[in-house]
Amino acid sequence: MDLKQFITAIPNFPKNGVLFRDMSPLLAHPEAFTETISQMKNYWVGKSITKIGAFDARGFIFGSTLAHEMGIPFFMLRKKGKLPGKTISISYGLEYGKDILEMQGNAIDKNDIVLLVDDVLATGGTARAGANLIETCGGKVAGLATVMELDSLNGRKVFGYDVQALITYEE
C-alpha cells in the first residue's frame, strides 16, 4: 500500500511559505493505519528493543500502538511540566530558541534498548534530544521510526542513529 496517498499537502499552513503535510487522512483510514504500524513493526522486530518511547503528541499514536503490537513497554517524552512525578529533563536548541524535553524518572532501566517513535523527522533536534535523554539514563538508542521524513532538513544526520521513514519528501 502506498501510504503517501493518505498524506494531504496544505500550502501556506501554519504560515505563508510552508507546505504542511497532513496525516489526518492516514489516521482516518483503518487499513492505512494498520499498514503503517505493520511496516514499522516489520522493520524493528528482532532488533532486541526493550522499550518504545514516543514524542508528544502524534508520536504517541504510533508509538503506543507499535509497543502494543510488539508486546513491549511504552513511555512518553514530553515538554517540561506535562508529566507527573519525578522527571528527568534535557534542554535542547530549536530553530528559534530552546525547549526542554522530559520523561518520567523510572521510564527506562539501565541498558534498555529504546526505539523512539514520532510522526515526522524534520530538523532532528527533538529526536536528538530524546536520544541524549535515553543515553543520560544509561539506555541505548536503537533508532527512530517515523511516518514522514523531510529529507532536505537533514534531520537524519542530526539524529545520528538508524531511521526508518515510511514516507520521504525531498523538497
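What follows is calculated from the coordinates using simple rules that are stated; it is not laboratory data. Since we're looking at a predicted model, the values are computed, not measured. Don't worry about glycine lacking a Cβ; one is built from the backbone with ideal geometry, like all the others, and counts go over all protein chains shown.
Tabulated data for the structure shown
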| item | result |
| --- | --- |
| Cβ pairs under 9 Å, 6+ apart, first in segment 35-59 and closer than 19 Å to ILE88 by Cα and touching a residue at least 40 places away in the same chain (Cβ under 8 Å), second of a type in the set (Phe, Trp, Tyr) and in a helix (DSSP H, G or I) | ILE52/TRP44; ALA54/PHE60; ALA54/PHE62 |
| Unmet criterion (only one of (1) touching a residue at least 12 places away in the same chain (Cβ under 8 Å); (2) closer than 22 Å to PHE159 by Cβ) for THR8 | (2) |
| Residues being of a type in the set (Asp, Glu) and in a helix (DSSP H, G or I) - total across segment 32-62 | 1 |
| Enumeration of residues in segment 123-171 that are surrounded by fewer than 19 Cβ atoms within 10 Å (Cβ to Cβ), out of contact with any helix residue (DSSP H, G or I) (no Cβ under 6 Å at 6 or more places or on another chain) and among the β-branched types (Val, Ile, Thr) | THR136 |
